[in-house]
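Read the figures in this text as sums done on the coordinates, not as results from a lab. What you are looking at is a predicted structure, and each value in this text was computed from that prediction instead of being measured. Methodologically, a virtual Cβ is constructed for each residue, glycine included, from the backbone with ideal geometry; neighbour enumeration extends over all protein chains shown.
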Amino acid sequence: MQDKSDLAKSNTDKVWSGRFNEPVSELVKRYTASVDFDKRLATFDIQGSLAHSKMLGAQGIISQEDVAKIAQGLNEILQEIEAGQFEWRLDLEDVHLNIEKRLTDKIGDAGKRLHTGRSRNDQVSTDVRLWLRAVADDVIAGIRKLQNSIVDLAEAHFDTAMPGFTHLQVAQPVTFGHHLLAYFEMLQRDAARFSDARKRINRLPLGAAALAGTSYPIDREMVAKELGFDGVCENSLDAVSDRDFAIEFTAAAALVMTHLSRFSEELILWSSPRFAFVDIADRFCTGSSIMPQKKNPDVPELVRGKTGRVTGHLMALLTLMKSQPLAYNKDNQEDKEPLFDTADTLLVTLEIYADMLRGIKVNKEAMRKAATEGFATATDLADYLVKKGTPFRDAHEVVALAVRHAVDKGCDLSDLPLAELQKFSAQISEDVYQVLTLEGSLASRNHVGGTAPAQVKQAIARARKVLAA
Ligand code: ARG
């Protein structure tokens, strides 16, 4: 009878093959391998291994000679990967085993000692956290850039009048600058969510080993410090099994995308000739292969569409985690593709959006005209009557009747002669026309959070301060 370990060796290179009677089928090999996508964690995997081996040496668990060989080997491997010369092997399953095997081929037994006191379970969570921490920083920087674009555009339009909508019906006049700054605020909260999530991402799983910790005298704090983590995961079972940090990141990403989908929807509407409020630069649009007149707002439409994709990733990750018993389960290998795609989609969206806003042309006249249609200053007339002593509910009724009259006549409230307006209330006098103008309406909303141009200027100053901090 053939020796079992020989048999395993002859069939496969797998590190765990000693226990098995037969190799996995080709199909299973492909089904279970993750190297095609997790190889993008390679630099972080090497970073983690360097810190781990340094600690093993400092604790006397492996020799300093081995530590030096491991460092040398890993640095060479890093160069091979960066030069595109590294041969990724599907039969070595994942990024971790590919790198470890190459290391052992290079430096022999020292390479085989790297995995002492460690498991791929704490290793993979460490790698993902290192990667995601860097991504979170990039996302925050991307949000800041976009906020800068928004503030610049808002500044140019701090007093540009446009209709504000509720139910997509003309409601009250607002300044375009004020409208834009609403998105600044949303993104401000988004950035805060990423910095908060980063605190929980930035904890070290290594030392948890497979699930229960390890019997070697390790120094987890040292590894945490070496890798720039704020601290260690306090429970080994939790450290290897939970992916809540990835879910949180994806939830924050889905919210950014949701905010941008709203902005996109507005840009799509506003760039339609029916609104004609804005013109999106040609480089963000495409034409139609059949209708020569078309200029389609592809970028905002795709942002709107990709929001579904990122929200889908959030659902995938939540569903992946749901009902998993402690501790690590292979299910968790499925966290990477949604997470990677979330990061890629979000980062490129932020970049393209910041650029797109710089190429927006605003049609002030169209905005203004739309704001003068649809009785946007009706509330101002009611407020005027209240200030003259009419109870608000009565004022509301008076204005409703006046609006109906204007609708019948096919004109705006400000087009009605004084005598006609006075039929609705004796309290109306010549000064009413001031409040019925767009400028009067805008200027009157002069408090923190209001749309008055003076307030928009102050909001811009506050925003600039936040961005400079
Ligand atoms: N490729 C695996 C993952 O992404 C690494 C951890 C595998 N652990 C194990 N015990 N099979 O989750």
### Query
Pairing the Cα long axis of helix 64-82 with the longest principal axis of the chain, what angle in degrees results, from 0 to 90 and rounded to the nearest 10?
50 degrees
### Query
Roughly what would the spin-label model give for R464 and D279, points 7 Å off Cα along C-beta, in nm?
2.8 nm
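Sorted by average packing, counted as other Cβ atoms within 10 angstrom per residue and highest first, what order do 57-65, 69-77 take?
Numbers: 57-65: 14.7, 69-77: 19.6.
So the order, starting with the most tightly packed, is 69-77, 57-65.
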### Query
Extension gain D152-A68, at 0.36 nm per residue separation less the Cα-Cα distance, in nm?
25.0 nm
### Query
Rounded if a/c is under 1.5, else prolate if a/b is larger than b/c, else oblate: which is segment 384-432, with a ≥ b ≥ c the root eigenvalues of its Cα gyration tensor?
oblate
### Values of log10 I(q)/I(0), in the order q = 0.12 Å⁻¹, for the chain under a Debye, Cα-only, solvent-free model
-1.05
### Message
Please arrange T372, T437 by how many other C-beta atoms lie within 10 Å of their C-beta, fewest to most.
### Response
T437, T372
### Query
Quick one: if you stick a label point 7 Å off each Cα along the C-beta vector at R40 and K330, how many nm between them?
2.4 nm
### Message
Between D244 and D394, what's the calculated FRET efficiency when r is the beta-carbon distance and R0 is 60 Å? Round to 0.05.
### Response
0.65
### Helix 95-107 axis, angle to the chain major axis (alpha carbon atoms, nearest 10°)
40 degrees
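What ranking of C411, C285, C233 emerges when the number of other C-beta atoms within 10 Å of each C-beta is taken as an exposure proxy, fewest first?
Taking fewest neighbouring Cβ atoms as first place, the list is C411, C285, C233.
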### Length-normalised contact order for the chain - Cα pairs under 8 Å, 6+ apart - percent
16 percent
### Query
For I218, I140, what ranking results if the residue with the fewest other Cβ atoms within 10 Å of its Cβ goes first?
I140, I218
### Task
Treating cross-link reach as a plain straight distance, find the lysines whose alpha-carbon is under 27 Å from the alpha-carbon of K388, omitting any fewer than eight places away in the same chain.
K409, K423
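Counting only helical runs of four or more DSSP H residues, what would the 222 nm mean residue ellipticity of the chain come to if each run contributes -39,500 (n - 2.57) and the total is spread over all its residues?
One gets -20000 deg cm²/dmol as the mean residue ellipticity at 222 nm.
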### Query
Any idea how far apart E265 and E365 come out in nm if each label point goes 7 Å out from Cα toward Cβ?
3.1 nm
### Query
If R0 is 60 Å, what FRET efficiency do you get for R200 and Y433 from their C-beta distance, rounded to 0.05?
0.55
### Task
Starting with the highest mean, order 315-325, 269-279 by the number of other Cβ atoms within 10 Å, averaged over the residues of each peptide.
269-279, 315-325
### Message
Need one word for segment 160-301: rounded, prolate or oblate. Basis is the Cα gyration tensor (sqrt eigenvalues a ≥ b ≥ c); a/c below 1.5 gives rounded, then a/b vs b/c decides.
### Response
prolate
### Dipole magnitude of the chain about its Cα centre (Cβ charges: Lys, Arg +1; Asp, Glu -1), debye to nearest 20
380 debye
### Query
What's the extension gain from W16 to L302 if we count 0.36 nm per residue and subtract their Cα-Cα distance?
98.5 nm
### Task
Just subtract the alpha-carbon distance of A141 and N235 from 0.36 nm times their residue separation and send over the number in nm, one decimal.
30.6 nm
### Summary
Non-local residues with an amide H under 5 Å from the amide H of G164, with H modelled 1.01 Å from N and Pro and chain starts lacking one, are A171, Q172, V174
### Task
With an 8 Å cut-off on Cα pairs and a minimum separation of 6 or more residues, tell me the relative contact order of segment 16-92 in percent.
39 percent
### Task
For a label point 7 Å from the Cα of H405 along Cα→C-beta, name the residues of segment 413-441 whose backbone N is under 13 Å from it.
413-429
### Query
If we sort 415-426, 94-105 on the protection proxy, mean other Cβ atoms within 10 Å, highest first, what's the order?
94-105, 415-426
